[in-house]
Amino acid sequence: MSDPALTSALTPAGPQAAMIAKLWWLMLGVFGAILLLVVALLAWGALRRRARHEPRPPFGDAGFIVMGGIVLPLVVLVPLLVYSLADTGELTEPRTVGRTIRVTGHMWWWDVRYPDDGIALANEIVIPTGEPVRIELTSADVIHSLWVPSLAGKTDATPGLTTSQILQADRAGVYRGACAEFCGLQHAKMALLVVALEPAAFREWLVARRSPPPAPTDPLLASGLATFVEAGCAECHTIRGTAAAGSVGPDLTHIASRRTLGAGAVVNNHGNLAGWIVGPQALKPGNQMPATTLAPERLHALVAYLRSLP
Ligand code: CUA
């Protein structure tokens, strides 16, 4: 799981988030000052009724309305608009971008693909530190929104449309993200982790995952793989290098390295994985996965096999 400190837009860990945080503080300062000014004028207005000699407002009655109602908002809002638009350009299209990762929102999980390397993950995006990465974002069903507060702003994932977001983390760590657009029953359990690795560690990670995991030789694991194919798991899930090539649910080639199951619903451990297979609706009601009934020894083999995947 991620460090809670890495889940706030006010603890930016990359240039995109830093830009947004700077804008946030600037707007808080400017609008805070205006709030104080308005409260002071209100207090002055309330008190002046009691004064014996009623003072005139600054610039006279009509002038005060023109200055306070038209000139002041223009002078404050136009520079802020120009400043924030300038930042928006740099947020969506920076001067240099490294690799592209394709992310597709589903009800209720994230499909993550590395097109140049043939790697598929779910609910985790692994990126190198210090390099802007372009996320090409779309949706398979309804509108979702990708938000990793410490790294970037929100970007909608819209069916039939590809949007893009730049993610950059300047220090290694695990950053929590969420779906920020209500998308149905399990919108709240549509979390995502961004794992930022130092460039050398990232290259190692890429190389290790480019080729599919070797076929299991251990009899228990081999029987787990057979169960995976025979029990129907393979209809919906892919494990590269095996006969399982379903595309309805998350790619499970690297399931053992994931930190959570069900897009942040539960921690990925032995017991939760077994529980997820036999009763996914108890852990995340409404998700697309049906329960699988298995004899205990077959379940044991299946869980052992899945836990052996890199
Ligand atoms: Cu997907 Cu909310």
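Computed from the coordinates by the stated procedures, all read-outs in this text should not be read as laboratory data. Since this is a predicted model, take the numbers as computed values, not measurements. Positions of Cβ are generated from backbone atoms using ideal geometry, with glycine treated the same way; all protein chains shown enter the neighbour counts.
Just report the Cα centroid separation between the stretch 139-206 and the stretch 220-264, whole Å.
Going from one Cα centre to the other spans 23 Å.
At a Förster distance of 51 Å, what's the computed FRET efficiency of Ser257 paired with Ala86, Cβ-Cβ distance as r, to 0.05?
Numbers: r = 40 Å, r/R0 = 0.78.
In this case the efficiency is close to 0.80.
Taking DSSP loops as anything outside H, G, I, E and B, show the longest stretch in the chain free of chymotrypsin sites (Phe, Trp or Tyr not before Pro) there with at most 13 other beta carbons within 10 Å. Can you show the working numbers first?
Working: sites that count: Phe59, Phe182.
The answer is 183-310.
Set Lys and Arg Cβ to +1 and Asp and Glu Cβ to -1, take the dipole of the chain about its Cα centre, and tell me which of Pro15, Ala43, Thr158 lies farthest positive.
Farthest towards the positive pole: Ala43.
7 Å from Cα along Cα→Cβ at both Leu47 and Leu10: what's the point-to-point distance in nm?
3.1 nm
Membrane-span-like helices in the chain: DSSP H runs reaching 20 Å or more (Cα, own axis), mean Kyte hydropathy at least 1.0?
On the way: long enough: 15-48 (49 Å, 1.69); 72-92 (31 Å, 1.48).
Both cut-offs are met by 15-48, 72-92.
Calculate the translational D of the chain in whole µm² s⁻¹ from Stokes-Einstein, where the hydrodynamic radius comes from the Kirkwood formula applied to all Cα pairs, the temperature is 37 °C and the viscosity 0.692 mPa s.
Working: Rh = 22.4 Å.
It diffuses with D of about 147 µm²/s by this estimate.
For Glu124, enumerate residues with amide H under 5 Å from its amide H, sequence gap 5+ or separate chain, H modeled in the peptide plane.
Amide H to amide H, under 5 Å and 5 or more residues apart or across chains, Glu124 pairs with Leu193.
Please get the size of the charge dipole for the stretch 175-266, origin at its Cα centre, with Cβ charges of +1 on Lys and Arg and -1 on Asp and Glu, quoted in debye to the nearest 20.
Working: 8 positive and 7 negative charges, 54 e Å.
Once rounded to the nearest 20, the dipole reads 260 debye.
Work out the length of the dipole vector of the chain about its Cα centre, built from +1 on the beta-carbon of each Lys and Arg and -1 on the beta-carbon of each Asp and Glu, and round it to the nearest 20 debye.
In debye, rounded to 20, the chain gives about 960.
Residues with amide H under 5 Å of Ala169's amide H, sequence separation 5 or more or different chain, H placed in the peptide plane at 1.01 Å from N; which?
Amide H neighbours of Ala169: Gly130, Glu131.
For the stretch 160-225, rounded, prolate or oblate, judged on the Cα gyration tensor with a ≥ b ≥ c (square roots of eigenvalues), a/c < 1.5 rounded, else prolate if a/b > b/c? Don't skip to the end; give the middle numbers.
Values: a/c = 2.39, a/b = 1.37, b/c = 1.75.
Note, shape of the stretch 160-225 comes out oblate.
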